[in-house]
Amino acid sequence: MTLDVMILSEVRQRTAARCLEDCVIYDYRKGRKTTLPLWMFEQLEKTFDLQEISKSENSRKVKGLLDRVRELEKQTWDRAGAEEVVGEQIS
């Protein structure tokens with residue numbers, strides 16, 4: 001089983017590291033690698049399916065937010081006659 005891991009920085013609100021973990025199921029009584037019991041495999045499969053559904057739903061929400069931000073930018077920064085004021089104080 002291979003896990004693709006992303007470690008997030010809570011302080012910086014961004015990715016701090018990415019890792020790949022290769023997990024092996026080991027039977028210490030027999031002293032060798034083994035397979036997952038069927039019930040564990042099925043549960044991991046359900047979890048993966050739920051993650052894929054969640055990823056799809058959240059990607060759609062993020063796209064919607066990005067579209068809304070772009071519309072706001074078009075109405076402000078990208079409008080005709082818009083000027084960027086740098087270094088001036090607003091009273």
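General remarks:
- CD proxy at 222 nm, helix term only [per DSSP H run n ≥ 4: -39500 (n - 2.57); per residue of the chain; nearest 500]: -15500 deg cm²/dmol
- The angle between the Cα long axis of helix 38-75 and the longest principal axis of the Cα atoms of the chain comes to about 10 degrees, rounded to the nearest 10.
- Given charges at beta-carbon only (K, R positive; D, E negative), |dipole| of the chain in Debye: 460 debye
- 14 Å beta-carbon shell around Leu50, net charge (K/R +1, D/E -1): -3
- Spin-label model distance (nm) - Asp78 vs Thr15, 7 Å beyond Cα toward Cβ: 2.6 nm
- Taken over region 2-75, the percentage of Cα pairs per 5 Å bin, counting from 0 up to the bin with the maximum distance, is 3, 11, 9, 15, 19, 13, 10, 7, 5, 3, 2, 1, 1, 0.
- The length gained on full extension between Leu66 and Glu42, counted as 0.36 nm times the residue separation minus their Cα-Cα distance, comes to 5.0 nm.
- Signed unit charges on C-beta, dipole axis of the chain, positive-most listed residue Leu38, Gln13, Ser54: Leu38
- Using the Cβ of Thr2 as centre and a radius below 11 Å, the other residues enclosed give a net charge of -3, where K and R count +1 and D and E count -1.
- Applying the criteria of a DSSP loop state and at most 12 other Cβ atoms within 10 Å to the GluC sites (Glu not before Pro) of region 57-90 yields Glu83, Glu84, Glu88.
None of the figures in this text is laboratory data; all of them are computed from the coordinates on show. Please read all numbers here as calculations on a predicted model, not as lab measurements. For neighbour counting, all protein chains shown are included, and Cβ atoms are generated from backbone atoms with ideal geometry for every residue, glycine included.
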